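Peer 1: Handing you this structure, nothing more for now.
The values are calculated or read from the model by the stated rules, or taken from the named source; none is laboratory data. On a predicted model such as this, the values are computed, not experimentally measured, just so you know. So basically every Cβ, Gly included, is an ideal-geometry build from the backbone, and we count neighbours across all protein chains shown.
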Amino acid sequence: MTDRQKTLVLTGASRGIGHATVKRFSAEGWRVLTCSRNAFDDRCPWPGGADNHVQIDLADPNNTIAAIETIREKLGGKLDALVNNAGISPKTEGGGRLNTLETDLRTWGQVFHVNFFASVVLARGLRAELAAAKGAVVNVTSIAGSRVHPFAGAAYSTSKAALKSLTREMAHDFGPLGVRVNSIAPGEVETSILSPGTDKIVDGLPMRRLGQPAEVADVIHFLCSDQSSYVTGTEIEVNGGQHV
Ligand SMILES: NC(=O)c1ccc[n+]([C@@H]2O[C@H](COP(=O)([O-])OP(=O)(O)OC[C@H]3O[C@@H](n4cnc5c(N)ncnc54)[C@H](OP(=O)(O)O)[C@@H]3O)[C@@H](O)[C@H]2O)c1
């Protein structure tokens, strides 16, 4: 037991699942360092917001590596959880699925930098702080990582499949440091990333409804808490039964 305030570093905090995650952890008394491309928005309802925000473009590897020093200074030695949540899912001009025949290599690379490489770059850069706190890493993958999805593009889906594999590799390598690494794979969650037509998918789901960002945040919180102290290298599906 400790009275020390726990700290979370969270990417993609400004909207959707990330926003719900800040609210969940703040309500539990955690300090949350938020990372996204934009400056802190004063309308965000959590304490210490601007001081605890790091502006970072995860599509730019140099910017990501440079931001690590800023994050380390703000942490001051210990990091209890890193949640790699930021993600992009580019579409065709008409909003359709970008397939393997059409996806331009530059777009593919950008998707991999945000959705995949940033996760390992941040975790490696913060490994001393994670080890000092016996912390946890959660990578946010997707159901699209394990099947062709009607709207998610090939770059997005392969980046999420790679992130799932990265979770396994990192669990192996970070375990001896006392750091657990898991992933969560959301299905259709009500955020701005969804495409028109998602309602048709929802009609076929066992639970017949969209997930809410707060329901995903609850599972992320579980994986960062002592309640999952012997869980590592796994992926939890959060999708109302979409995978069955
Ligand atoms: N919603 C779903 O149904 C669903 C399903 C499966 C998986 N997921 C995954 O869940 C995660 C969150 O999704 P969401 O639906 O909440 O997405 P969202 O509403 O589109 O939010 C994405 C977040 O990522 C940040 N971001 C995007 N590009 C960035 C960059 N280059 N550098 C830094 N931050 C960046 C955005 O912040 P800024 O724009 O301010 O930078 C934003 O906070 C993603 O990894 C997504 O793939 C979502």
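Peer 1: Do we find that K91 is within 13 Å of the ligand (Cβ to nearest atom) and in contact with a Phe, Trp or Tyr (Cβ under 8 Å, 6 or more places away or on another chain) in this structure? Before the answer, list the steps.
Peer 2: Numbers: within 13 Å of the ligand (Cβ to nearest atom): yes; in contact with a Phe, Trp or Tyr (Cβ under 8 Å, 6 or more places away or on another chain): yes.
Yes, satisfied.
Peer 1: If you don't mind, another one. Would you check if M170 is modelled with pLDDT of 95 or more, more than 8 Å from the ligand (Cβ to nearest atom) and in contact with a strand residue (DSSP E or B) (Cβ under 6 Å, 6 or more places away or on another chain)?
Peer 2: Yes; evaluated as a whole, the condition is true for this residue.
Peer 1: Go through (1) within 25 Å of I71 (Cα to Cα); (2) surrounded by 19 or more Cβ atoms within 10 Å (Cβ to Cβ) one by one and return the number of the condition V121 breaks.
Peer 2: Just one mismatch for V121, condition (2).
Peer 1: For E188, work out the one condition from (1) farther than 19 Å from V83 by Cβ; (2) at pLDDT below 95 it doesn't fulfil.
Peer 2: Failed condition: (2).
Peer 1: Suppose we filter R37, R15, R72, R43 for residues that are surrounded by fewer than 12 Cβ atoms within 10 Å (Cβ to Cβ) and basic (K, R); which single one remains? It would help to see each step written out before you state the result.
Peer 2: Values: R37 fails: surrounded by fewer than 12 Cβ atoms within 10 Å (Cβ to Cβ); R15 fails: surrounded by fewer than 12 Cβ atoms within 10 Å (Cβ to Cβ); R72 fails: surrounded by fewer than 12 Cβ atoms within 10 Å (Cβ to Cβ).
Of the residues listed, the single one that is surrounded by fewer than 12 Cβ atoms within 10 Å (Cβ to Cβ) and basic (K, R) is R43.
Let's see how each residue does on (1) at pLDDT 95 or above; (2) aliphatic (A, V, I, L, M); (3) within 15 Å of the ligand (Cβ to nearest atom):
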residue	(1), (2), (3)
M1	no, yes, no
R4	no, no, no
L8	yes, yes, yes
E28	yes, no, no
D57	yes, no, yes
A67	yes, yes, yes
K74	yes, no, no
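Peer 1: Something else: Restricting to segment 32-55, name every residue that is charged (D, E, K, R) and more than 10 Å from the ligand (Cβ to nearest atom). Break it down stepwise before answering.
Peer 2: Here is the first cut: in segment 32-55, the residues charged (D, E, K, R) are 37, 41-43, 51.
Of everything in segment 32-55, those that are charged (D, E, K, R) and more than 10 Å from the ligand (Cβ to nearest atom) turn out to be D42, R43, D51.
Peer 1: Also: Do you know which residues across segment 168-192 are closer than 21 Å to A152 by Cβ and either surrounded by 19 or more Cβ atoms within 10 Å (Cβ to Cβ) or of a type in the set (K, R) (or both)? It would help to see each step written out before you state the result.
Peer 2: The first filter runs over segment 168-192 and keeps only residues closer than 21 Å to A152 by Cβ, leaving 183-192.
Selection gives S183, I184, A185, P186, G187, E188, V189.
Peer 1: Has segment 52-71 got at least one residue that is assigned to a helix (DSSP H, G or I) and under 16 Å from the mean Cα position of the chain (by Cα)? Write out each step before concluding.
Peer 2: Narrowing segment 52-71 to residues assigned to a helix (DSSP H, G or I): 61-71.
Still in the list and also under 16 Å from the mean Cα position of the chain (by Cα): 64.
Yes, that holds for at least one residue.
Peer 1: Hey, can you tell me all the residues within segment 50-67 that are in contact (Cβ under 8 Å) with a residue 12 or more places away in the chain, closer than 19 Å to F40 by Cβ and of a type outside the set (D, E, K, R)?
Peer 2: Once the filter is applied, which keeps residues that are in contact (Cβ under 8 Å) with a residue 12 or more places away in the chain, closer than 19 Å to F40 by Cβ and of a type outside the set (D, E, K, R), segment 50-67 yields N52, H53, V54, Q55, I56, L58, T64, A67.
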